[in-house]
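**Q** My questions all concern the structure below.
The values are calculated or read from the model by the stated rules, or taken from the named source; none is laboratory data. What you see is a predicted model, and the numbers here were worked out from it, not measured in a lab. All Cβ positions, even for glycine, are placed from backbone atoms using ideal geometry, and neighbour counts span all protein chains on display. The area values use the complete protein model at the heavy-atom level, side chains included, leaving out ligands, DNA and RNA. Shrake-Rupley method; radii C 1.70, N 1.55, O 1.52, S 1.80 Å.
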Amino acid sequence: MKKLIIIVIGVIGFFFTSCEKESITGSPTYSDVTWYASTGLKVTTPTFTPPPTQIAAGKALSIYDLSQGALTHEWKISDGASFLLPGFKNASPVGTVNDLTPFIDPSKGLSTTDNTVFILFPTVGNYTVTLRDTFKEKVTYNGSVPVDAVLIDGVWVFEQVFQIQVVTTIVP
């Protein structure tokens, strides 16, 4: 019985000491640009401007910059919109809107370098949300409409301006 206990303790000890945590350090050796949004955002190019993405007044939009290897990163929003702190609830019973104003982050103003942003559109109107990343090498967004970065002063600049139309009721 003693041998069995010693063997079990030895096997358990082996599992605790044989595994080594992998560490991911530094930035990737490649560059890529992409994002994800809680509502589908339409890509704009110099030659193509789709209809704006519609969102209901008083609702928030979550956008995640999933780009890799960016040198710099920035989100900009137009006047009237606000960046929110995490922890809010966007969902509300039909015909009502949650008051998200307590979650407005006054420290951000109209721009932030956060990778993930939550943006409140409180009133009906037209807004813009701009993603601007810089890279050491050329990147291309390979969505339904490809968008290339542009070389400016030795740095590849990727900029995408999303058009948002805030309405009282969204018509499918």
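**Q** Where in the stretch 53-87 is the amide nitrogen less than 11 Å from a point lying 7 Å along the Cα-to-Cβ axis of Gln165?
**A** Backbone N within reach: 53-55.
**Q** To the nearest 0.05, what FRET efficiency results for Asp153 and Lys76 with a Förster distance of 25 Å applied to their C-beta separation?
**A** Details: r = 19 Å, r/R0 = 0.78.
My answer for the efficiency is 0.80.
**Q** Related question: What is the percent carbon and sulfur in the accessible area of the stretch 38-172, measuring with a 1.4 Å probe over the protein chains and ignoring ligands?
**A** Accessible surface attributable to carbon and sulfur in the stretch 38-172 totals 56 percent.
**Q** Using alpha carbons only, how many angstrom separate the centre of the stretch 66-88 from the centre of the stretch 133-172?
**A** 13 Å
**Q** May I ask you to list the aspartates and glutamates whose Cα is less than 16 Å away from that of Lys42, ignoring any residue fewer than eight positions away on the same chain?
**A** In chain and number order, the partners are Asp65, Asp148, Glu159.
**Q** State in Å² the accessible area per residue of the stretch 98-170; use a 1.4 Å probe, count heavy atoms of protein chains only, and round to the nearest integer.
**A** Numbers: 3850 Å² over 73 residues.
Solvent-accessible surface per residue comes out at 53 Å².
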